[in-house]
Each structure stands twice: as C-alpha cells, then as structure tokens.
Amino acid sequence: MNIRHIRSVVRAASLIGLYSTILGAVGAASAEVHVVSSASHPINEIAVRELRSIYKGRLSQVNGHRLVPLNTAPGTTDRDAFLERIMKSNELDYTGYWHVRRYTGQGTPPAEVNNKDELFAALKQQPDGIGYLWVPTGAKPDLPDGLKLIRLK
C-alpha cells in the first residue's frame with residue numbers, strides 16, 4: 001500500500017463518519033430514548049451517567065438494586081441511536097471496548113436481542129433487566145403489561 005492509497009482510505013472513512021453523524025443527528029432530533037424494565041423493578045429513574053456505566057459493565061447496581069443491561073443487535077436503528085446519544089460512541093468503538101474488556105477478563109458485553117418483541121419477552125423473564133427503545137419525539141412507547149419506563153435524569 002502506498003501513502004496515496006492510505007490517504008484516500010482515511011478520507012473516505014472520514015466522509016462516511018461525517019455522513020453517519022449527520023444522519024444520526026437528523027434521526028436523533030426526531031426520536032428519543034426510553035429506558036424500559038420490568039414493572040416490578042424498584043428503580044423508577046436513572047441518571048444518564050449511571051446508564052452509560054451499566055452498559056460499559058462498570059456498574060451493576062443503582063441505589064442498591066441490580067440492573068442487567070440488554071442491547072439491541074448491531075446495525076439496528078435503536079442501537080445506533082442509543083450508542084450515539086446516550087453512550088456518546090459508535091458501533092466500532094463500543095464493540096472494540098467490549099473486545100478489550102473480554103480479552104482482559106474484565107467482563108462480557110450485554111446480551112443482545114434482535115427486536116422490540118424479543119426485548120419485551122426478555123425483560124418479562126428477567127426482572128432485573130433493562131433495555132432501551134427509540135420512539136418519535138412526543139410519542140409514548142406502547143409497552144405490554146408487566147413493563148414500565150424508567151425516567152432518565
């Protein structure tokens with residue numbers, strides 16, 4: 001590989017990053033995150049910094065109550081927006097972060113679900129579980145019985 005080829009690859013990657021940032025900002029402006037859990041879980045609100053720490057495996061309890069994070073699958077709109085808006089990251093960095101943690105024996109990434117129906121089913125089976133949804137701004141998520149929203153503070 002010569003230096004011109006490397007520069008063109010870097011330039012292309014930068015443009016792709018800029019493009020996805022612009023698209024993410026447009027999508028994020030018209031949607032918001034909602035944190036979901038079992039209705040029986042005692043936590044009703046969580047700070048964004050606590051949520052970030054939970055999804056990075058650095059925190060497992062809030063106010064003495066265990067929380068087990070569930071991620072949507074890579075490439076989904078929910079996950080991309082969650083990573084950008086809440087985690088202040090992207091798929092490549094987040095996945096890389098978990099590869100290092102796993103390799104160094106510092107944990108495993110959150111379990112993944114493919115869609116909202118799988119998320120709802122998993123949360124009903126795992127009372128300590130939390131997940132996230134993206135819905136249009138101003139709209140309220142349609143949750144099945146047994147689940148609730150946790151307010152972000």
- For ILE54, state whether it is at pLDDT 90 or above and either out of contact with any helix residue (DSSP H, G or I) (no Cβ under 9 Å at 6 or more places or on another chain) or surrounded by fewer than 17 Cβ atoms within 10 Å (Cβ to Cβ) (or both). yes
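Just for segment 126-153: of the residues that are within 20 Å of ARG85 (Cα to Cα) and open to solvent by 70 Å² or more (accessible area, probe 1.4 Å), which one is farthest from the chain's Cα centre (by Cα)?
Here the residue is GLY138.
Does SER40 fit the bill of being at pLDDT below 95, in contact with a strand residue (DSSP E or B) (Cβ under 8 Å, 6 or more places away or on another chain) and more than 18 Å from VAL135 (Cβ to Cβ)? Spell out the reasoning first.
On the way: at pLDDT below 95: yes; in contact with a strand residue (DSSP E or B) (Cβ under 8 Å, 6 or more places away or on another chain): no; more than 18 Å from VAL135 (Cβ to Cβ): yes.
No: the conditions fail for SER40.
Go through ALA12, ALA25, ALA31 for me and flag whichever is under 18 Å from ASP80 (Cβ atoms), at pLDDT below 50, of a type outside the set (S, T, N, Q) and open to solvent by less than 90 Å² (accessible area, probe 1.4 Å).
Numbers: ALA12 fails: under 18 Å from ASP80 (Cβ atoms); ALA31 fails: at pLDDT below 50.
Testing whether each residue is under 18 Å from ASP80 (Cβ atoms), at pLDDT below 50, of a type outside the set (S, T, N, Q) and open to solvent by less than 90 Å² (accessible area, probe 1.4 Å) leaves just ALA25.
Just to be sure, is ALA111 out of contact with any helix residue (DSSP H, G or I) (no Cβ under 7 Å at 6 or more places or on another chain) and either without any contact (Cβ under 8 Å) to a residue 12 or more places away in the chain or of a type in the set (Asp, Glu) (or both)?
Details: out of contact with any helix residue (DSSP H, G or I) (no Cβ under 7 Å at 6 or more places or on another chain): yes; either without any contact (Cβ under 8 Å) to a residue 12 or more places away in the chain or of a type in the set (Asp, Glu) (or both): no.
No.
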- Query: Do you know which residues across segment 90-125 are open to solvent by less than 90 Å² (accessible area, probe 1.4 Å), in contact with a strand residue (DSSP E or B) (Cβ under 8 Å, 6 or more places away or on another chain) and not in a helix (DSSP H, G or I)?
  - Reply: PRO109, PRO110, ALA111, VAL113, ASN115
- Message: If LYS148 meets every condition in (1) part of a strand (DSSP E or B); (2) basic (Lys, Arg); (3) under 13 Å from VAL33 (Cβ atoms) apart from one, which number is that one?
- Response: (3)
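The values are calculated or read from the model by the stated rules, or taken from the named source; none is laboratory data. Being a predicted model, the structure only gives us computed values, none of them experimental. All Cβ positions, even for glycine, are placed from backbone atoms using ideal geometry, and neighbour counts span all protein chains on display. Only protein heavy atoms, including side chains, enter the accessible area calculation; ligands, DNA and RNA are left aside. Shrake-Rupley method; radii C 1.70, N 1.55, O 1.52, S 1.80 Å.
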